[in-house]
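See below for the structure under consideration.
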Amino acid sequence: MATSPQQQLHESFPGRAKQIDQILGFMGKPWAPTPPSLLINGNSSLGKTAVVKATLSIMLGGGGSSSSNNQSRSEQQLQEHRRRLPSRYAFLDCVECHTPRLIFEHAIYQLRNPPPSQEKGSTALPLIHTPTTGTSEKKEAAGSRKRKRVTNSPLDWNKCENVNEFVEWCRKICDTKDELDDFNETCDNHRTVHGSISKHQNETRYLVLDRAERLRDTAPTLIPVLMRLQELTGRNICVILITTIVWEKFRSKTGGYEPIVLNFPQYTKSETVAILRRDLPNREEEDLDLYMRFVDLVYDVFQRNCKDLNEMRHLVALLFPLYIKPVKEGKVQKHEVLKLHRHIQAYFVEAMDKLYLREISSTEWSDRTLSAASGSLSGASSSTGGGGGQVSGAPVGDRALTSALDVQNVFDLPYYTKFILIASFLASYNPPRLDMRYFAKVSNAGGKMTKRSKIAAAKKHGHDNMGSKLRQQLLGPKPFPIERMLAIFYSILDEEVEENVNVHTQIASLVSLRMLQRVTPMDKLDSIKCKCNVSYEMIKTLAKSTRFEIDKYLYDFS
């Protein structure tokens, strides 16, 4: 039983049925008037772009299949001509089209040519009949139909310098007669097809701008013009903005119409699990119950810190092969949930530390997992002949994998950036009172301390009430002022920094990479504090690459 386009969209996008119905309600009939503008907003990875693109592609893509035996020859020819019609929508990415001229020219080009999916894999650009005057019009009338398409090159209209030219081109595009009008004259059932053709000529055009927040960096009059494009052209054109910010941040003093706002809410747990269920690798081999149990576990562990669906899918793709590895090796049964949880717990901690960093792709993680597992098993079998060697050798391969992940991008850092990261680690884990001992050129001989002051200092610097000493690495990284970190940086570098090196830019880069975490609010510009967000093994490998003996400068890390 054939499904309707609306049902097909509902099945393709779980949890977005309400938003799809609202978009279809705004579109209405193809020739019906539409709202001048529509703003679709929501957080990232909520399906905004995919839903809009799929809806326009299915509803305005030129009709469905025409393989019915009951179809007449003229109707089949009509479907073939519809597939060659110009597109009724233009889909632009504002990151690629970063100037008004690029937006205008790309929109014009897409509205005057069939969508790429309808070209059947052909790389040649379709040449659409354009109205001409003078000598070229006489040549087209005298030549064959093939000659007409050769002479009408898209290069004749690919320039659009300003808003006035764009408005004129939108009027011409909406008023241009299609090739389907020529087919109307030769069609057998002329009267039956003519009605659908006349309606098709007046269909709504849609201009979709993805990542529309970039429009705020262009000309201040561009957004008001787009909001009033239907009024300026006098044609049925709808502008759709897809963005992650609210409309209030688009408003300007130049004025403009208020668009209809459609919000995409966050996915619920059931919707997220339904989407992740489709990513099951090797559906015939893997156990669906085991996979869904793992998906529930990943969601429960990461949902507080991760709201991004793409990041959640990335985590599932990375960790699921490691989750089922004991099952494939025969060490753990599928129903032994606690053993599987203990096995994957260390990897969850590692993934939590590197959330959003994207240090390694899913494919590279899978390759490294397989190579680490095979290397550990072969090494264990060569060193010991028994089965106990396999059990003891497998964690070695896992540790090799995690250590490789830790230092994946360390050696790609610039030379001075490595020392800044080392200085940040020292500032996070060393008490400030010891800076003079480790980094000053002259030692500071202080005066004698009373018994009460010694007890207070001991409590302040890592002793509990029972007198036992707390190791500094167990307390975790502590915030430090940027000024203190820079003083340590210039001390351990022991050389003059080149003039073309901007230290503060490199600090900002480390913050964006989440190797440094800013603890002060963004609106506070003075006395900025950060803390180091990398592991000791990573810093030790980093120090080894720069030939810096970090163990001599760490307090209580033995």
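Numbers below:
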| item | result |
| --- | --- |
| Top-ranked residue of the range 455-494 - restricted to ones that are outside any helix (DSSP H, G or I) and small (G, A, S), ranked as modelled with the highest pLDDT | G476 |
| Lone qualifier among I245, I223, I275 - being farther than 19 Å from M27 by Cα and without any contact (Cβ under 8 Å) to a residue 40 or more places away in the chain | I223 |
| Pairs where the first residue, in the range 1-23, is closer than 12 Å to F264 by Cβ and the second is at pLDDT 90 or above and hydroxyl-bearing (S, T, Y), C-beta under 6 Å, 6+ apart | G15/Y267; I23/T55 |
| Matching option when the condition is open to solvent by less than 20 Å² (accessible area, probe 1.4 Å), at pLDDT 90 or above, in a strand (DSSP E or B) and closer than 23 Å to T49 by Cβ, among L241, L215, L226 | L241 |
| Long-range neighbours under 8 Å by Cβ, at least six apart or interchain, first residue farther than 15 Å from R293 by Cα within the range 321-332, second part of a loop (DSSP other than H, G, I, E, B) | P326/V332 |
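The values are calculated or read from the model by the stated rules, or taken from the named source; none is laboratory data. Everything numeric here is computed off the predicted structure, so don't read it as measured data. Heads up, the Cβs are rebuilt from the backbone with ideal geometry, glycines too, and the neighbour counts pull from every protein chain shown. Quick note on the areas: whole protein, heavy atoms, side chains included, nothing else; ligands and nucleic acids left out. Shrake-Rupley method; radii C 1.70, N 1.55, O 1.52, S 1.80 Å.
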